[in-house]
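Okay, so here's the structure we're looking at.
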Amino acid sequence: MAARKSSCYAGFDLGGTQLKYGLIDSSGRIVHKDKIPSPGTLDGLLSAIGDIWRDLKGATPGKVKACGFGFAGFFSLAEQKILSSPNYPSLDNVNIVPSLRRIIDVPFCIDNDANVAAFGEYVYGAGRGAQSLVFLTVGTGIGSGIILDGELWHGKCGFAGELGHITVNPEGDICNCGNRGCLETEAAAPKIVKRYQALTGIRESVTTRDIYLLAKKGDRAALESFARSAYYLGIGLGIVINFLNPEKILIGGGVVAAGRYLLAPAVAEAGRRSHPVSFACCRVEQAALGNDAGLIGAAAWARASGQV
């Protein structure tokens, strides 16, 4: 008797610099994955998605049953379009659903990239077994998604979970959102770099990786740069713990690799900023799925629900 061909689910994770995509099976195992530079225009993006979709359908002997897209920005549930995408402005106010329907010949869904990453961690990653969690990814920005009572929480219009834009420093830098002192402007990678340059007076290009290596050697400016970001991240975590009382907070993103210089002191600060009883029942952990969280979560979300 012929072996039964298993079904797969496709996921696309569009970022400002890379379009990551792949297939997962029903257990969340990645069957296929790849990435390309993010196309610079909407037409280029749709053309790339069409080419990738044909390749994905040929990458598995089974059927691709559904497809999910995680796009950075504010996706309106009511209007089914991205109202604003700071990292990919070609999508601003674009109703992309009709265009995708002409390409994707299976049910598909669209959501915010951090939301689907949170769902991926909840179903297949470090959030398995939890009924409430908050996922934050700390990189060039700070994205987040919320799971409450086992459900991805969207809020009224679909914009819930923008924790990168809670105020942690009222006198801080102006954020791209128009606010001042957002968690994103005070704790993400660009501020670590900016703070280090201000402390040292250097003007040449430097990365958070460079600063991390210097911190390991005991460089005072590097240590202080991470310490201040950890301080503000801890304030943000404390707000989340007091407000939502989640079972878990999962932290992902490239900057989290600097664990003892960022994550550990941020957790300590969260303990000082949140009520002891709430802090005691919340576990703050590193996320498990790494750079694959977005594509895994988009595929898992398509499998679970929101197909259009």
field: Scan of segment 72-103 for residues that are free of Cβ contacts under 8 Å to residues at least 60 places away in the same chain and either touching an Asp or Glu at 6+ places or on another chain (Cβ under 6 Å) or assigned to a loop (DSSP other than H, G, I, E, B) (or both), ordered by number
entry: GLY73, GLU79, SER84, SER85, ASP92, ASN93, ASN95, ILE96, ARG102, ILE103
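Could you list, in sequence order, the residues of segment 35-72 that are hydroxyl-bearing (Ser, Thr, Tyr) and at pLDDT 95 or above? Walk me through how you get there before you give the answer.
The initial filter retains those residues of segment 35-72 that are hydroxyl-bearing (Ser, Thr, Tyr), namely 38, 41, 47, 60.
Scanning segment 35-72 gives a single hit, SER47.
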- request: Starting from segment 295-306, keep only residues that are among the β-branched types (Val, Ile, Thr), then list their pairs with residues that are part of a helix (DSSP H, G or I) and open to solvent by less than 10 Å² (accessible area, probe 1.4 Å) whose Cβ atoms are within a distance under 6 Å, requiring at least 6 positions of separation or different chains.
  value: ILE296/GLY120
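Quick one: how many residues across segment 125-142 are more than 30 Å from ALA198 (Cα to Cα) and in a loop (DSSP other than H, G, I, E, B)?
To start, the set of residues in segment 125-142 that are more than 30 Å from ALA198 (Cα to Cα) comprises 125-135.
Adding the requirement that they be in a loop (DSSP other than H, G, I, E, B) leaves 125-132.
Residues that pass the stated criteria total 8.
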query: With (1) closer than 23 Å to ASN176 by Cα; (2) open to solvent by 50 Å² or more (accessible area, probe 1.4 Å) as the list, and ASP34 as the residue in question, which single condition is left unmet?
result: (1)
task: Working only within segment 252-308, note down all residues that are under 20 Å from ALA130 (Cβ atoms) and of a type in the set (Val, Ile, Thr).
output: VAL256, VAL267, VAL277, VAL284, ILE296
query: Can TYR261 be described as crowded, with 22+ Cβ neighbours inside 10 Å and either farther than 22 Å from GLY143 by Cα or modelled with pLDDT under 95 (or both)?
result: yes
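Output yes when any residue across segment 162-184 is within 16 Å of ALA304 (Cα to Cα) and either in contact (Cβ under 8 Å) with a residue 24 or more places away in the chain or open to solvent by 10 Å² or more (accessible area, probe 1.4 Å) (or both), and no when none is. Give the derivation first.
Narrowing segment 162-184 to residues within 16 Å of ALA304 (Cα to Cα): none.
The answer is no; no qualifying residue exists.
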message: Let me spell it out: the conditions are (1) out of contact with any Leu (no Cβ under 8 Å at 6 or more places or on another chain); (2) at pLDDT 95 or above; (3) farther than 17 Å from ALA114 by Cβ, and THR208 meets all of them except one. Which number is the exception?
response: (2)
statement: Subset of segment 206-252, residues crowded, with 16+ Cβ neighbours inside 10 Å and among the aromatic types (Phe, Trp, Tyr), comes to TYR212, PHE226, TYR231, TYR232
query: Of LYS65, LYS20, which residue is assigned to a strand (DSSP E or B), in contact (Cβ under 8 Å) with a residue 40 or more places away in the chain and open to solvent by 50 Å² or more (accessible area, probe 1.4 Å)?
result: LYS65
query: Restricting the first residue to segment 104-130 and requiring it to be on the phi > 0 side of the Ramachandran plot, which pairs with a second residue that is assigned to a helix (DSSP H, G or I) and open to solvent by 10 Å² or more (accessible area, probe 1.4 Å) meet a Cβ separation below 6 Å and a spacing of at least six or different chains?
result: none
query: Applying the selection to segment 143-157, what residues are open to solvent by 10 Å² or more (accessible area, probe 1.4 Å) and either in contact (Cβ under 8 Å) with a residue 60 or more places away in the chain or assigned to a strand (DSSP E or B) (or both)?
result: GLY143, ILE146, LEU148, GLU151, LEU152, HIS154, CYS157
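Hey, among VAL116, VAL134, VAL138, which residue is modelled with pLDDT under 95, of a type outside the set (Lys, Arg) and touching a strand residue (DSSP E or B) at 6+ places or on another chain (Cβ under 9 Å)? Working first, answer last.
Numbers: VAL116 fails: modelled with pLDDT under 95; VAL134 fails: modelled with pLDDT under 95.
Checking each option against the conditions leaves just VAL138.
Results for (1) modelled with pLDDT of 95 or more; (2) out of contact with any Pro (no Cβ under 7 Å at 6 or more places or on another chain); (3) among the polar types (S, T, N, Q); (4) farther than 18 Å from VAL240 by Cβ, shown as yes or no for each residue.
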{"residue": "CYS157", "(1), (2), (3), (4)": "no, yes, no, yes"}
{"residue": "GLY161", "(1), (2), (3), (4)": "no, yes, no, no"}
{"residue": "ASN169", "(1), (2), (3), (4)": "yes, yes, yes, no"}
{"residue": "CYS182", "(1), (2), (3), (4)": "yes, yes, no, no"}
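The values are calculated or read from the model by the stated rules, or taken from the named source; none is laboratory data. It should be emphasised that the depicted structure is a prediction, and the values quoted were computed from it without experimental measurement. Reconstructed Cβ throughout: ideal geometry from the backbone, glycine too, with neighbour counts over all protein chains shown. SASA here: full protein model, heavy atoms, side chains in, ligands and nucleic acids out. Shrake-Rupley method; radii C 1.70, N 1.55, O 1.52, S 1.80 Å.
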